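The values are calculated or read from the model by the stated rules, or taken from the named source; none is laboratory data. Quick caveat: nothing in here was measured; it's all calculated off a predicted structure. Cβ atoms come from the backbone with ideal geometry, glycine included; neighbour counts cover every protein chain shown. In case anyone asks, the SASA skips ligands and DNA or RNA and just uses the protein heavy atoms, side chains included. Shrake-Rupley method; radii C 1.70, N 1.55, O 1.52, S 1.80 Å.
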Amino acid sequence: MCGIVGIVGNQPVAGRLVDALKRLEYRGYDSAGVATIVDGALARRRAEGKLFNLEKRLAEEPLAGTIGIAHTRWATHGAPTEGNAHPHFVDGVAVVHNGIIENFSELKDELIADGATFSTQTDTEVVAQLLAKYRRDGLGRREAMHAMLRRVTGAYALAVIFADDPSTIMAARSGPPLAIGHGHGEMFLGSDAIALAPFTNEISYLVDGDWAILGRDGAHIFDMDGNRVERPKQVSSAAAYLIDKGNHRHFMEKEIHEQPEAISHALGHYVDFLEHAVRPVAGGIDFAKVPSLAISACGTAYLAGLVGKYWFERYARLPVEIDVASEFRYREIPLNPESAALFISQSGETADTLASLRYCKEHGLKIGAVVNTRESSIARESDAVFPILAGPEIGVASTKAFTCQLTVLAALAIGAGKARGTLTAADEKALVRHLAEMPRVMAGVLNTIQPSIEQLARDLSKCKDVLYLGRGTSYPLAMEGALKLKEISYIHAEGYAAGELKHGPIALIDENMPVIVIAPHDRFFEKTVSNMQEVAARGGRIIFITDAKGAAASKLETMATIVLPDVDEVIAPMIYSLPIQLLAYHTAVFMGTDVDQPRNLAKSVTVE
Ligand code: F6R
């Protein structure tokens with residue numbers, strides 16, 4: 001969840017390291033630091049909080065040096081103070097780390113018994129302490145690195161420099177991603193290719209268990225036994241991505257408005273607009289033959305998977321087992337090796353999702369990855385990759401990735417229905433026609449609902465609790481609405497299946513807690529209206545998100561009604577995502593929170 005970078009260069013590196021960190025800030029923003037080697041000694045600048053604090057420090061006290069490593073932190077062990085900020089120094093060794101060293105406490109006790117003094121509360125310091133100890137014991141730098149890697153367990157992407165070697169960075173990967181960038185007379189290291197995009201587009205990815213020695217002229221990569229291994233150079237497309245906010249106040253706002261275009265890209269990949277047919281899916285999974293499907297993911301991606309479950313079961317009559325990845329990986333689910341499993345992840349690096357994938361792989365299932373980052377670990381370890389083509393998503397709260405995930409899952413479910421004979425050619429045509437309407441309908445919604453949403457957001461920003469309700473595919477959407485609201489506005493919100501209201505949450509209803517009901521005029525509409533009546537009868541205030549038919553059919557008094565176009569059930573989840581995203585966004589703006597980088601969160605969660 002932290003971001004790391006390194007440069008072994010031929011000109012000063014501090015400024016470039018900070019530029020690279022800016023492209024990794026989505027991974028964490030509790031503190032940041034940079035270390036270089038100046039005149040045979042380690043030097044560093046660190047600062048609590050966001051990167052601009054580190055930039056300020058560097059402006060006051062510049063840092064020379066043509067080799068360096070840097071870090072942006074999402075705290076796991078130890079408070080986000082300057083003292084706990086990376087790089088960590090011990091006796092001429094500097095370390096930056098992304099991940100968790102699981103046996104750190106045992107190693108720490110052992111090192112303390114051996115006379116070491118620890119100056120931070122981090123798990124990472126044991127790496128620096130171990131390396132320093134092995135050097136004191138007389139090992140060379142490379143041997144010390146190898147010996148340290150044999151002692152630590154857990155998840156790590158590491159970069160190390162030694163004060164007595166200003167021409168080498170050492171790196172290692174077990175879990176979190178790590179990319180090596182090849183330059184001309186310079187070499188680069190980063191948590192992803194986007195961080196390195198200003199410097200090079202020639203990238204080699206370390207695989208789990210790899211460690212590497214980077215010099216100015218190239219990299220040597222080794223496996224855990226110390227044998228040389230080759231990792232191919234790939235040309236990364238990361239440089240093509242424009243990472244700026246355009247005319248928008250926040251990345252989140254920009255990304256919400258990018259959805260019609262992002263969805264067009266995704267649709268173009270999966271759908272033949274002329275034939276009104278889904279394109280055959282990439283090899284690896286034969287949906288016609290699989291007896292069932294497992295789906296696993298985290299957070300918003302999991303909620304996309306939950307909508308996908310409704311579609312696969314309805315359109316393809318394919319039973320779906322789904323769970324959040326942190327539970328899925330440990331539940332010891334009996335899995336049928338003839339089945340397939342789908343893992344949904346914007347980043348493609350989420351630790352729990354990757355672990356669930358590996359669990360399914362061990363049990364012989366065919367693996368599909370629904371990812372935004374095609375070069376990610378989850379994509380690389382899958383039999384079939386289904387890109388969502390959303391483009392880079394920088395706002396920590398997922399918006400366009402969610403609707404693109406939904407779009408891809410809808411296309412896959414329709415394709416599976418066709419392959420299994422549960423949808424006729426006419427059904428497929430009709431469904432694909434609806435999918436094709438999506439960009440236009442979304443653009444229309446984005447152009448029209450802003451004023452009513454802003455008005456409503458002003459009211460919501462005064463509330464302490466909010467309840468979201470929905471049925472069918474609107475149920476996962478209710479949970480997504482609640483998740484979006486709580487993560488960026490910090491207002492407590494819950495999403496419930498509308499039918500569950502009377503089994504507990506109805507006790508919460510009073511005039512202070514708005515109840516947001518997502519109810520297109522679909523086959524569940526009447527039932528949901530009954531639940532709304534239960535809310536109204538208890539003095540609850542309802543915010544009704546529906547279509548023109550729904551608004552006309554319900555006679556209930558509401559606090560506000562947001563009317564969306566009448567759309568088919570298959571695209572309703574994507575269209576109804578817009579008001580819930582905008583409501584969360586504008587509420588957070590009224591409350592003055594940091595919308596793109598909400599407290600305590602990170603975009604890429606590479607720890608368990
Ligand atoms: C919420 C959000 C998170 C992510 C979750 C999984 O807005 O973005 O809940 O969906 O952390 O991340 P990925 O999709 O990268 O696996």
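Rounded to the nearest 500, the 222 nm mean residue ellipticity of the chain from helices alone is -11500 deg cm²/dmol, with -39,500 (n - 2.57) taken per DSSP H run of at least 4 residues.
The simple spin-label model puts a point 7 Å past each Cα toward its Cβ; for HIS248 and ASP217 those points are separated by 4.7 nm.
Computed from the C-beta positions of ASN600 and ALA282, the FRET efficiency with R₀ = 41 Å rounds to 0.65.
Ranking HIS71, HIS521 from most to least accessible surface, computed with a 1.4 Å probe over the protein chains only, gives HIS521, HIS71. Between GLU230 and GLU102, the FRET efficiency estimated from the beta carbon spacing at R0 = 30 angstrom works out to 0.50. Between the helical axis of 400-420 and the dominant principal axis of the chain, each derived from Cα atoms, what acute angle in degrees is found, rounded to the nearest 10? Approximately 70 degrees, to the nearest ten. Summed over all non-identical Cα pairs, the Kirkwood treatment of the chain gives a radius of 25.4 Å.
Compared with the direct C-alpha span, the chain from ASP510 to LYS56 gains 158.6 nm at full extension, assuming 0.36 nm per residue. Principal-axis analysis of the Cα atoms of the chain puts helix 425-448 at an angle of about 80° to the longest axis. Straight-line cross-link partners of LYS400 among the lysines, defined as a Cα under 23 Å from its Cα and at least 8 positions apart when in the same chain: LYS22, LYS245, LYS254, LYS309, LYS484, LYS486, LYS603. Think of a 1.4 Å ball rolled over the protein heavy atoms: segment 449-591 then has 37 Å² of accessible area per residue.
Axis angle, to the nearest 10 degrees, between helix 450-460 and the longest C-alpha principal axis of the chain: 80 degrees.
Highest average first, the peptides 166-172, 371-377, 594-600 ordered by how many other beta carbon atoms sit within 10 Å of their residues are 371-377, 166-172, 594-600.
The slack in the chain from ALA41 to ASP91, taken as 0.36 nm per residue of separation less the alpha-carbon distance, amounts to 17.0 nm. With protein chains left intact and a 1.4 Å probe, residues in segment 293-400 average 32 Å² of accessible area per residue. Under 17 Å of direct C-alpha separation, and excluding same-chain neighbours fewer than eight residues apart, LYS502 reaches these lysines: LYS527.
Rounded, prolate or oblate: pick one for segment 449-591, where a ≥ b ≥ c are the square roots of the eigenvalues of its C-alpha gyration tensor, a/c under 1.5 means rounded, and failing that, prolate if a/b is larger than b/c, else oblate. Rounded, because the longest to shortest axis ratio a/c is under 1.5. For segment 449-591, the relative contact order comes to 31 percent (Cα pairs under 8 Å, sequence separation of at least 6).
Heavy-atom accessible surface of segment 3-245, averaged per residue, reaches 37 Å², computed with a 1.4 Å probe. When the C-alpha to C-alpha distance is required to be over 20 Å, the pairs from LYS108/LYS133; LYS289/LYS429; LYS464/LYS549 that qualify are LYS289/LYS429; LYS464/LYS549.
Most tightly packed first, judged by the mean number of other beta-carbon atoms within 10 Å of their residues, the peptides 74-84, 578-588, 248-258 read 578-588, 248-258, 74-84. Of the solvent-accessible surface of the chain, computed with a 1.4 Å probe and all protein chains present, 50% belongs to carbon and sulfur. The modelled label-to-label distance between ALA536 and ASP208, using points 7 Å beyond Cα along the C-beta direction, is 5.4 nm.
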